[in-house]
1. Find which of ILE109, ILE86, GLY18 sits farthest along the positive direction of the dipole of region 2-110, computed with +1 on the beta-carbon of Lys and Arg, -1 on that of Asp and Glu, about the Cα centre.
2. Report, in debye and to the nearest 20, how large the dipole of the chain comes out about its Cα centre when Lys and Arg carry +1 and Asp and Glu carry -1 on their Cβ.
3. Sort all Cα-Cα distances of region 66-108 into consecutive 5 angstrom bins from zero, then give the percent of pairs in each bin up to the one containing the longest distance.
4. If you take every DSSP beta bridge fully contained in the chain, what fraction is antiparallel? Give it as a percent rounded to 5.
5. Between THR102 and residues 5 or more places away or on another chain, which pairs have amide H atoms under 5 Å apart, with H built 1.01 Å from N, and which residues are they?
6. Just want the ordering: THR107, THR93, THR102, from fewest to most Cβ atoms lying within 10 Å of their own Cβ.
7. Quick one: pull the percentage of alpha-carbon pairs in the chain with a separation above 21 Å.
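Every number here is computed from the coordinates shown, using simple stated rules; none is lab data. Just so it is clear, the structure is predicted and the values come from calculations on it, not from any experiment. No Cβ is skipped: glycine too gets one built from the backbone with ideal geometry, and neighbour counts run over all protein chains shown.
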Amino acid sequence: MEFQIREIKNIVIYDIKGDLRLSEDMPVMLHDHVKAQLDIGKRNFLLNFEDVQYMDSFGVGQLIGCLTSISKVGGKLKITNLVPRIRYIFEVTGMIKVFKVTDDEETAIKNYSD
């Protein structure tokens, strides 16, 4: 897994590419990177899953960790562009009820006050 970071309207957007799973070659954990962004005052986050095809329990743990850390400081986290396989994981695990999920980035940014 790797990710590119950009910012639009005070929202930190992670464009995630690859599998969100435990791997020895993962240079930076997503949750650790989000915590670093929180430490410098960022509060609004959007995870773009357009290029994520696989996620294991480690990936689920990373997302729960991100949500917990962001919520503790009053921030918001949204997830967008879930491919069908990942959406299925969100539905089966009940994460679809826990995370704010949008179909596309434009909708997520436009409705970020929700």
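1. The one lying farthest along the dipole's positive direction is ILE109.
2. Charge dipole, the chain, about its Cα centre: 560 debye, nearest 20.
3. Spelled out bin by bin, region 66-108 gives 6, 21, 27, 23, 17, 5, 0 percent.
4. Antiparallel: roughly 35 percent of the beta bridges in the chain.
5. ILE79, THR80, ASN81
6. Least to most surrounded, the residues fall as THR107, THR93, THR102.
7. It works out to 29 percent of all Cα pairs.
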